[in-house]
Each structure stands twice: as C-alpha cells, then as structure tokens.
Amino acid sequence: MKSFLPSLVLCALSVSASAQDSSAARVIDTVRMLSSDFFEGRAPGTIGEERTVGYLIGQLQALGLEPGGKDGSWVQSPPLLHTKLGQPKSVGVTLNGTAQQWELGNQVYLSTIRPDDRATIASAPLVFVGYGVNAPERKWDDYKGIDLKGKVAVFLVNDPDFEAEKGEPVAGRFGGRTMTYYGRWTYKFEEAARRGAIGALIVHDTAGAGYGWNVVASPQGENYDIVREPTRLTSLALQGWITGDTATRLFADAGQDLSALRTAARRADFRPLTLKDARFSADIPVSHETVQSHNVLARISGSERPDEVVFYGAHWDAYGKGPADAKGKVFRAGANDDALGVAGLLDIARRFKAQPAPKRSIVFGFWTAEERGLLGSDAYTANPVYPMEKTVANLTIDILQTAGKARNVILVGAGQASLEEDLATFAKVQGRVVTPESLPERGLFYRADHFSFARKGVPVLLMMGIAGASDLVDGGIAAGQTWVDEYTGHCYHQPCDAVGPDWNLDGALQDIALMFDIGNELANSSRWPEWKSGSEFKALRDKSAAARR
C-alpha cells in the first residue's frame, strides 16, 4: 500500500472538484424515475423490465458510453425460470397421525425453482440437520453420512458458532459473529439439494438471519432461477422457512426441545435427528415460465490497456407488484434498493466521461435478478464478456444511506481484500474514517452482486448503507443507527422503499464519489488489487496470476 499511497492521494485530489459537482438533483431524478409506477416495480421478465432496460440504454447512450456486451450489444440476456406458487391444496405436518395445516406466508414461507406444474411432497420425514454445514477444512460435518433422499431437511440459520458462548470449543471456528458462506440460506438449500433432499426448511430467527419475517415473505411465493438442463435441476420440490414459534411447537410435539438442540448443534459431534412420527406434506399449484431477462453492459475503452477492466456494478431489479400496503401501494419499487445504486453508477459514468479516457477500460454492469439470488451477475461471471483474470476489481453499490453527510464509511468484509486500504485512503481525503460493519453476522458480504465476482477470484468492494450505523454529522452514530433500523425494519423490500421528503443525499454522494475515486485510480494505474492471506478467494485468484504479469 505504501508504495502507491502518494499517487492515490494525488488522484483523489485531482478529481475532488468534479466529485463536489455531483448533482444531487440528477441522482434523485433518476431514482424517482426508476421507482415510479411506470416501471411497475422493475421485476425481471415484465413490462417493467422492458422499460427499465430501455431507460438505462438511453441514459448510457446520452452519456457517450459504448455498448459493453458481445458483438456491440448493450445487453447480455440470460434466460430465467420464473415460478410462482398458487393457493395450496394442503401444506403442513402430520404428527402421531394428526394433521396440522400451516398457514402459508404466516407460519411457513415456501417457493420452488423447479419447472413443475405442482410442487408436491407426500408424507416426507423431517430431519433436523443442525446448521447443515459440511466444512472439511474446519473439521465439521453436520450430516454424518445421513441419507436425505426423499426427506425434508430442517436447518438453523447462520453458522455453528453464531450463538456460541466464550469457552465453547466451537467459538470462533467459523469467524465468530462474522457470517461465513456456510451460514447463508443459499448454501443450506444448495447442500440439501446436493444430498437429494425433497424439501428444505430453515428455522427463522431475526438475529441469525439478519432480517425479519416480513423480508422472508416479501417475494409472495415467487422465485427465479437460471434455466437449467433437466439433469441439473434441484432435487428440492419446495424450499423455504418456518417461523421460530412454529418450529418450536413442531419440535415439542415430536418430543424434542429445539432450544436444547440449538446448543447441541454447536458441537462437532452433533448428529442429525429425524423427528419421530412427524411427516411434512404439501400440494401446491405452480405457474412457471421461461423469461428472457437482461443484464445491461456499458463500456469506456481504455487508452493503453483496454483488455484490463475495472468493473462497476449495481442491480436494476426490484420486487415488482405485490399485495397493497396500508396506503394502497402495490409496487415494491426499491428506490434505495437499488435504484439509488443505479443512479450512482450513472453519476460515476458521467464523471469518467468528463475527463480523458482512462488507461484501463471501465465497464458498468446493471444486473437483473439480484433479489432472486444474484442470478444476473452469476450468469455474467459464468459467461463473462471480459475475462475474470483480467478484471482488475469489482466495485458494487447496493443501498446507500439517505440520512445525510457522515464522518465515516462502512467496510463490508473486513480482512478480505487489499481494496479496504484503498477505501481508507480515499475516505481520509474526504475527511472520513473507515468503520467495520456493525453486524457481520448478517453476512452482507455474501448478499450482493460483487459476490458473484468474488467466487471467480476477482477482488471486490461493496458499498452498502445498511451494513452499519453511519456517524452522521447531524445526530452522530445514534441517528445513523436509527436510519438503519427504520429502513431495514419497515421498508426493506417493501412498497415504502420510496423517495421521501426526509431523504438527504449528502452522505450517498460522498460514497458515490468515493467509489469513483477508487476506480479512477485503478483505471489509471498498473496495480492489481489482491486478496488478503486467509481469504477463501485468494487461492483461486493466484491460479491466474500469470495472466496479469
């Protein structure tokens, strides 16, 4: 870091006037446009997508960017499977011969990523697999060879050491309060499918998941996946969550104490437990279709090393139309998540076009289906236009705080990549300090599109406003935490994620300028950011080191 510190600071100072000229009016106008009813909540495969993609291409053309896709195209078009559950004929459990119906959406949340006309599970045994982790490198296996074929796996959310107390052998084994990928719901469903389970249910608790039940249920039985060959379809007919209260009653009725089992699941000698005389059944109609969705890609060609790419990303999709809220609003349009991130990328593109062409190329990716499991960015990294080994870094914006100027910037994924030093350097130029995310157990590092790039070895940096309390100039950390709590507790993935009279973009503009500064230095240097020792992504990046010499 020390060897290039002067160039970093000079670079930031050279663009500071440009950064200060960033127009809050332009950013807010973009957010208002994308979150308006005209775009119908920006769900993939809808008229809202068609309008969103057209709007973005028009904006990028007006800024003078080049198409960033293959063969001069503005888009990459991954086909997606779109499913939605209908009214269930039945869903629930049978215990000791007595049927108990569960209320879909209130006691249990389900969806499917199979293209079947009905999602059917008939009297399947329920197997509690603890945290459902198989991590040989950490000498941990929750499965102990159990056969899950034809069974429903029941998981705890987060990592085995999430609730560990000091002195327990597991404490710190999975990073302590910092969630690993093993703690994410995506991993648990993937592992259940790898083992042939017919269903998977995660026991919800707000602390472990990082969000409330309202967020879990917000997709309303809808889901998306990339289109897969029949031989590569998941084995899971249904996947989802059960509330903590429902799970506690289920286990008690089966003669088990869920609280005691939580403690047992923190031990390496934990063994899966089949809930005695408990069977899960469901019969739910499914509507399914293949939709052609689109990533939007734009490029500024490098003047000296155009094959080396600094990649910015934000997702254009939101949750589309749902049930009316108390105010009658039906579109969950994601003004902050992530129309504000899209507006930030457009602002960064405008800054780059206002100066001489960078030495390296700049690519902007506006992703589809982030809200459905990072599908758009995952489809891109599986079939990249620009080789991963020559992608310098991915800089992603996904939710910015709208409560005003801040004295700090929140770092997501401390200890992962050298880009955190870049963040600290340019934050210092702004008169700010870096603060690690306050709730690393929420696993935000694994919950945005940058992660698709990380899994391919590309160093990444995520700017996410809900990762911790901003130390606001007006109100300090307490006011910053109030903003996080109110947004995540009430409007995250809900119709009320909309531009309001209380929006103050001064802090968001600081963060946008910061991401520009970092990318601008990378685009005009020959430096390659690296993963830090101990990062799970370092070995993968190191394999392609020869391509960067």
| task | Grab the DSSP H runs of the chain that are 4 residues or longer, score each as -39,500 (n - 2.57), total them, divide by all residues and round the 222 nm result to the nearest 500 deg cm²/dmol. | result | -8000 deg cm²/dmol
| query | R0 = 30 Å: FRET efficiency of E137 with A547, Cβ-based, nearest 0.05? | reply | 0.70
| task | Write down the radius of gyration of segment 134-256 and its Dmax, each obtained from C-alpha positions, in Å. | result | 15.4, 48
| task | Taking the chain as the reference, fit the longest principal axis to its C-alpha atoms, fit the long axis of helix 47-63 to the helix C-alpha atoms, and give the angle between the two in degrees, 0 to 90, nearest 10. | result | 20 degrees
| note | By the mean-Cβ-within-10 Å protection proxy, highest first, 484-490, 407-413, 304-310 rank as 407-413, 304-310, 484-490
| request: Determine the alpha carbon to alpha carbon distance for each of K149/K543; K89/K144; K166/K456; K84/K151; K144/K188 and list only those over 25 Å. | output: K149/K543; K89/K144; K166/K456
| said: Using the Kirkwood formula on the Cα atoms of segment 382-460, what hydrodynamic radius do you get, in angstrom to one decimal? | reply: 13.9 Å
| remark: Here the residues of segment 380-416 lying in the modelled label zone of S438, meaning backbone nitrogen under 12 Å from a point 7 Å along Cα-to-Cβ, are 410
| How far is helix 506-523 tilted, in degrees, relative to the longest principal axis of the Cα atoms in the chain, given as a value from 0 to 90 rounded to the nearest 10? | 70 degrees
| What Rg and what Dmax come out for segment 255-364 when only alpha-carbon atoms are used, in angstroms? | 24.9, 71
| remark: Here the net charge surrounding D398, from other residues whose Cβ is less than 10 Å away from its Cβ (Lys, Arg +1; Asp, Glu -1), is -3
| Could you give the length gained on full extension between D485 and A268, defined as 0.36 nm per residue of separation minus the Cα-Cα distance, in nm? | 74.6 nm
| query | Carbon and sulfur atoms: what percent of the 1.4 Å accessible area of the chain do they account for? | reply | 51 percent
| How far is it, in nm, from the label point at R305 to the one at S123 when both lie 7 Å from their Cα along the line to the Cβ? | 6.6 nm
| said: With every protein chain kept in place and ligands, DNA and RNA left out, what is the accessible area per residue of segment 248-325? Probe 1.4 Å, answer in Å². | reply: 42 Å²
| How far is helix 419-429 tilted off the main Cα axis of the chain, in degrees rounded to 10, range 0 to 90? | 50 degrees
| task | Identify, among W528, T482, I518, the residue whose Cα sits farthest towards the positive end of the charge dipole of segment 481-542, taking +1 on the Cβ of Lys and Arg and -1 on the Cβ of Asp and Glu, with the dipole about the Cα centre. | result | W528
| note | At q = 0.13, 0.14, 0.24, 0.28 Å⁻¹, the log10 of I(q)/I(0) for segment 339-406 from a Debye sum over equal Cα scatterers comes to -0.48, -0.56, -1.23, -1.33
| Unit charges on C-beta of K, R, D, E only; dipole of the chain, Debye | 1140 debye
| Roughly speaking, what is the stretch gain from A539 to T186, that is 0.36 nm per residue apart minus the C-alpha to C-alpha distance, in nm to one decimal? | 124.8 nm
| Charge sum, other residues only, whose C-beta stays under 14 Å from A171's C-beta, Lys/Arg counted +1 and Asp/Glu -1 | 0
| Regarding the chain, what whole-number volume in Å³ per residue does the convex hull of its Cα atoms give? | 149 Å³
| So, by mean Cβ neighbours within 10 angstrom, what's the order for 469-478, 70-79, 356-365 with the highest one leading? | 356-365, 469-478, 70-79
| message | Starting from 0.36 nm per residue, how many nanometres of slack lie between A25 and N106 once their C-alpha separation is accounted for? | response | 25.1 nm
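The values are calculated or read from the model by the stated rules, or taken from the named source; none is laboratory data. The structure displayed is predicted, hence computed values, not measured ones. Neighbour counts are summed over all protein chains in view; Cβ atoms, including those assigned to glycine, are modelled from backbone coordinates with ideal geometry. Just the protein is used for accessible areas: all its heavy atoms, side chains included, with ligands, DNA and RNA removed. Shrake-Rupley method; radii C 1.70, N 1.55, O 1.52, S 1.80 Å.
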